[in-house]
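The values are calculated or read from the model by the stated rules, or taken from the named source; none is laboratory data. Predicted model, so just to flag it, every value in this text is computed and none were measured. All Cβ positions, even for glycine, are placed from backbone atoms using ideal geometry, and neighbour counts span all protein chains on display.
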Amino acid sequence: MDLAIRPYEPGDEDAIWQVHLLALCAAGSQNADSDWYRDLRQIEAEYTRVGGAFLVGIADGQIVAMGGLQRLALNCAKIRRLRVEPEYWRHGYGTAILTALDEVARQLGYTTLLTDTTLQQEPAQALFLACGYEELGRMDRDSVTLITYRKTLADKG
């Protein structure tokens, strides 16, 4: 199956929320519907209007993957909400979205990317390492162990 990647558009919110819920529930998260994820209901304010981006992946005519790039500082952004609907896991869609976000970050002038995942999300850990992210550390937060990663973007050219 091919994945078409495009920027977020108004009207994508419900499909994005559905992918989020399905992916986190399948990964064993107990709080996929918590207020912690309110940024997914405010994508323009949290991402696209403030120096970031939000991409969606479309397969079979529907949004099945997503990821955001959120500005943290002048040269630094964070990869957030990288999700793939479980039915489409192991098709390379996570890698495709992450690679596209890395490229958008380069175009926006970012030189450093940060991200994190939980200890239980082993496929995400493997994805970040395979895509050139290095582990920075681990910390416990709200009874969850978070693993943080960093990637330095090289200039193309």
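Taking the residues in region 102-125 that are at pLDDT 95 or above and of a type in the set (A, V, I, L, M) as candidates, determine which candidate is nearest to G92 (Cα to Cα). So, considering only residues that are at pLDDT 95 or above and of a type in the set (A, V, I, L, M), the one nearest to G92 (Cα to Cα) is V104. Just to be sure, is I63 farther than 23 Å from A130 by Cα, at pLDDT 95 or above and in contact with a helix residue (DSSP H, G or I) (Cβ under 7 Å, 6 or more places away or on another chain)? In short, yes. For region 135-150, indicate whether the set of residues that are among the aliphatic types (A, V, I, L, M) and in contact with a Cys (Cβ under 7 Å, 6 or more places away or on another chain) is non-empty. No, region 135-150 contains no residue that is among the aliphatic types (A, V, I, L, M) and in contact with a Cys (Cβ under 7 Å, 6 or more places away or on another chain).
Filter region 133-157 for residues that are part of a loop (DSSP other than H, G, I, E, B) and over 15 Å from the mean Cα position of the chain (by Cα) and give the result. Steps first, answer last, please.
Pass one, region 133-157, residues part of a loop (DSSP other than H, G, I, E, B): 133, 142-143, 153-157.
Across region 133-157, the qualifying residues are D142, S143, L153, A154, D155, K156, G157.
Taken over region 57-113, the residue count meeting the criterion of being in a strand (DSSP E or B), in contact with a Ser or Thr (Cβ under 7 Å, 6 or more places away or on another chain) and β-branched (V, I, T) is 2. Pick from region 3-17 the residues that are assigned to a helix (DSSP H, G or I) and touching a residue at least 24 places away in the same chain (Cβ under 8 Å): which of them is nearest to E103 (Cα to Cα)? This residue is I16.
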